[in-house]
Amino acid sequence: DGHYFHTGSRGHHSVWDSRLFNYGSWEVLRYLLSNARWWLEEYKFDGYRFDGVTSMMYIHHGLQVGFTGNYNEYFGYATDVDAVVYLMLVNDMIHGLYPEAVTIGEDVSGMPTFCIPVQDGGVGFDYRLHMAIADKWIEILKKRDEDWKMGEIVHTLTNRRWMEKCVAYAESHDQALVGDKTIAFWLMDKDMYEFMALDRPSTALIDRGIALHKMIRLVTMGLGGEGYLNFMGNEFGHPEWIDFPRGDQRLPNGVVIPGNGYSYDKCRRRFDLGDADYLRYRGMQEFDQAMQHVEEKYGVSIAGAHCFAVLYFMTSEHTYISRKDEKDRVIVFERGNLVFVFNFHWNNSYFDYRVGCAKPGKYKIVLDSDDPLFGGFGRLDHNAEYFSFEGWYDDRPRSFMVYAPNRTAVVYALVEDEPKVVNDLELVEIPETVKPAAAEPVKESEPDEESEPLDS
């Protein structure tokens, strides 16, 4: 009972029906550290995502606890110090043996110093998995369009500690496993079974679902963190959940979790849907590819005497939220050298809509969720040019005018930032000496009505 685990009730997780390691035991540390090294050496893994780290770091496992950000919640008698020390040890060992390895911690509590190197007194993870985002999207999707709050979306996406790198995702196994609904199914429900073929007329529910699915993914990637995660079909709007064959499960407290009769019916992912050119899933998958391409293609160029680098917009230190308009249902922000414009309004499209920007010059569209290639209606002219003009607007020194169709996300870039092809290699032309811009904090032009606790 107490060889590798705590004895008594502390050695059992009341909800997961699993045993709990005693991280203060020398043999447990030897076992876990050697295991971490073995997979990296034998199978050449790139790194690890540590699952359920919140459950490890606190004796209460984060159950029935709402973290408010007060430091007493993180550094007190509820903290399992041995578990935190183990996490510091394993991160230090992994990065010491394999500096290129990546470690990601799944923590919902917002533990301070979680992504600070061990030598600087931190826990040592490279990234924190931004779990609150996916939960928030499911919460929002249960509401009417009229009840969506732009400030709430922005707050959830940006609610992370300063300089803490996060991996953002719109949905994961928590949303798409064991009988729950994927985002696509929350949006389109049973219409997905009958109206996703291109040779059949669409419905208002399908049009709404495809448009919002693209917007949800792009705003999550644009504001949610420094990394982006797709989950098993999210990139093309998989309609169904995953459900493994299982029987009834009885927990120690007597609660019975019903099974599915060991059925294999939902034990698969239909990746063929995204590749079928006769289905609307294809357009949703094309949008994912274009979204990734824009992230890679348009970055901040840095050059010096002995180096050249392109920092992609997700790793850029420059993020500025200039608008989150509850009346217009519009979100505007800068990330790196790009300007993102989201119109979540279900009905209103806006002509000559003014958006703030930092740099002067001519802007063009580099990503448009309304493009027919992505299942949109093609309401924007991609040959149009947008010229900035001087004068402060939304706390930005300049601005330009755009057309913002309803339920559409558009990304604008300076024409001067467009990569040029030289000797079949894609390079970015930059001045001989370019100093990286000073880091700006995430700033919003309008304060939230009520501040929420970190990852509450």
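Taken over the stretch 73-97, the criterion of being in a loop (DSSP other than H, G, I, E, B) and open to solvent by less than 50 Å² (accessible area, probe 1.4 Å) is satisfied by Tyr74, Gly76, Ala78, Asp80.
Being in contact with a Pro (Cβ under 7 Å, 6 or more places away or on another chain) and either in the same structural domain as Asp51 (by the TED database) or modelled with pLDDT of 95 or more (or both) holds for only one residue in Gly124, Gly151, and it is Gly124. Reported count of residues in the stretch 2-39, each being under 17 Å from Ile59 (Cα atoms) and assigned to a helix (DSSP H, G or I), is 4.
In a residue-by-residue description of the stretch 393-413, the property of being surrounded by 20 or more Cβ atoms within 10 Å (Cβ to Cβ), at pLDDT below 95 and touching a Lys or Arg at 6+ places or on another chain (Cβ under 8 Å) applies to at least one position.
Here Leu212 meets each of (1) more than 24 Å from Leu279 (Cα to Cα); (2) of a type in the set (A, V, I, L, M); (3) outside any loop (DSSP other than H, G, I, E, B) with one exception, condition (1). Pick from the stretch 338-362 the residues that are hydrophobic (A, V, I, L, M, F, W, C) and assigned to a loop (DSSP other than H, G, I, E, B): which of them is least open to solvent (accessible area, probe 1.4 Å)? Residue satisfying both the conditions and the ranking: Phe344. Taken as a whole, the condition of being modelled with pLDDT of 90 or more and either closer than 21 Å to Cys166 by Cβ or surrounded by 13 or more Cβ atoms within 10 Å (Cβ to Cβ) (or both) does not apply to Asp17.
For the stretch 215-264, a residue qualifies if it is acidic (Asp, Glu) and assigned to a helix (DSSP H, G or I), and exactly one does: Glu235. When the stretch 261-275 is limited to residues that are more than 23 Å from the chain's Cα centre (by Cα) and of a type in the set (Lys, Arg), the one that is least open to solvent (accessible area, probe 1.4 Å) turns out to be Lys266. The set of residues from the stretch 237-251 being over 18 Å from Arg217 (Cα atoms), open to solvent by less than 40 Å² (accessible area, probe 1.4 Å) and touching a residue at least 24 places away in the same chain (Cβ under 8 Å) comprises Ile242, Asp243, Leu251. Per the listing Leu218, Leu229, the residue uniquely in contact with a strand residue (DSSP E or B) (Cβ under 6 Å, 6 or more places away or on another chain), within 28 Å of Val339 (Cα to Cα) and open to solvent by 30 Å² or more (accessible area, probe 1.4 Å) is Leu229.
Residues that are of a type in the set (Gly, Ala, Ser) and touching a helix residue (DSSP H, G or I) at 6+ places or on another chain (Cβ under 6 Å) within the stretch 1-55 comprise Gly24, Ala36, listed in sequence order. Exactly one residue out of Val332, Val366 is touching a residue at least 12 places away in the same chain (Cβ under 8 Å), assigned to a strand (DSSP E or B), open to solvent by less than 10 Å² (accessible area, probe 1.4 Å) and under 22 Å from Asp288 (Cα atoms): that is Val332.
Among the residues of the stretch 51-70, is any modelled with pLDDT of 95 or more, polar (S, T, N, Q) and farther than 19 Å from Arg161 by Cα? The answer is no; no qualifying residue exists.
Among the residues of the stretch 252-276, those that are charged (D, E, K, R) and in contact (Cβ under 8 Å) with a residue 12 or more places away in the chain comprise Asp265, Lys266, Arg268, Arg269, Arg270. Taking the stretch 369-385 as the range and being outside any loop (DSSP other than H, G, I, E, B) and open to solvent by 80 Å² or more (accessible area, probe 1.4 Å) as the test, the residues that pass are Pro372, Leu373.
The values are calculated or read from the model by the stated rules, or taken from the named source; none is laboratory data. This structure is a prediction, so every number in the text was calculated from the model and none was measured. Positions of Cβ are backbone-derived with ideal geometry, glycine not excepted, and every protein chain shown enters the neighbour counts. Just the protein is used for accessible areas: all its heavy atoms, side chains included, with ligands, DNA and RNA removed. Shrake-Rupley method; radii C 1.70, N 1.55, O 1.52, S 1.80 Å.
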